[in-house]
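Working notes, structure below.
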Amino acid sequence: DLAKQYLQQLIDAGFHDSQAHYYLGRIQQSDKEIMAAIANYSRVQAGEFLLDARIREAALLAQTGKIDEALSKLQQLSEISQDNNSQVKVYLAQAEVLRAAHREQEAMTIYNNALKDSPENVDLLYARALTAEKLNMLDVTESDLRMVLVHEPDNANALNALGYTLADRTERLQEAREYILRAAALLPDDPAVLDSLGWVYYRLGEMEKA
């Protein structure tokens, strides 16, 4: 609260620094003051926080139902993003807005285009895998998650996602359990992993363990 008050006082006094607007927006976003956070993110005009501010602004606009406005802002950001890392972040943000709006097929198009430029980016592969599962494209889901694990064998989220998908959507239950157990060894108290472990044991008929 003190940091929030201090930043607001600076801005009210005419100190319209992009960094101050960015950090005030972060605090307001954390406090669920959505419209105030959007306003402050929009006032970030330059500097190292510009990309993140624009992505956060778009995500919050999407939360308020302004999907097309959010996508438009991200498209503008995409056109000025210079380096590959920045472009990947914009692609991920665009697809996340679409996924949240249940426009998974459009999100898949974003991921497919992005992966043409960055074919082994694990964040893009993981995100596409989850979207593909929603579209019943299980071959893509499995292929993408396996590629993530080639690059990051101890990626617990990918292990869990692959294990759960196999447990929920196939009869390859022993294989599914092995992936989930590997995820559980890395994240023993994670609720998503425990849920997967319970489900695979249930499907295996091991009710006590489930």
| Expressed in nm², what is the orientationally averaged projection area of the convex hull enclosing the Cα positions of segment 123-210? | 5.2 nm²
| Whole-number accessible area per residue in Å² for segment 74-200, which is evaluated in the context of all protein chains at 1.4 Å | 51 Å²
| message | Probe radius 1.4 Å, ligands and nucleic acids ignored: give me the carbon and sulfur share of the accessible area of segment 80-179 as a rounded percent. | response | 47 percent
| query | In straight Cα distance, which lysines are under 18 Å from Lys32, not counting same-chain residues fewer than 8 positions off? | reply | Lys4, Lys66
| List Met207, Met137, ordered by accessible area with a 1.4 Å probe, largest first | Met207, Met137
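From Cα pairs below 8 angstrom and at least 6 apart in sequence, can you work out the relative contact order of the chain, rounded to a whole percent?
For the chain, the relative contact order is 9 percent.
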| note | Filtered hits (aspartates and glutamates, Cα-Cα < 12 Å from Lys73, offset >= 8 within chain) -> Glu57
| remark: Over the Cα atoms of the chain the radius of gyration and the largest Cα-Cα distance (Dmax), both in Å, equal 20.4, 66
| Between segment 159-210 and segment 56-80, what's the alpha-carbon centroid distance in Å? | 36 Å
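Given that compact globular proteins tend to follow 2.2 N^0.38 Å, what is the ratio of the alpha-carbon Rg of segment 48-120 to that value?
Numbers: Rg = 11.6 Å, N = 73, 2.2 N^0.38 = 11.2 Å.
In units of the 2.2 N^0.38 Å rule of thumb, it is 1.03.
I'd like to compare 182-192, 69-79: which one has the highest average count of other Cβ atoms within 10 Å, and what's the full order after that? Provide the component values of the computation, followed by the final result.
On the way: 182-192: 14.8, 69-79: 17.6.
Taking the mean over residues of other Cβ atoms within 10 Å, the ranking is 69-79, 182-192.
The values are calculated or read from the model by the stated rules, or taken from the named source; none is laboratory data. Source: prediction; values computed, not measured. Cβ: placed from backbone, ideal geometry, glycine included. Neighbour counts: every protein chain shown. Side chains are part of the model used for accessible areas, which takes the heavy atoms of the whole protein and leaves out ligands, DNA and RNA. Shrake-Rupley method; radii C 1.70, N 1.55, O 1.52, S 1.80 Å.
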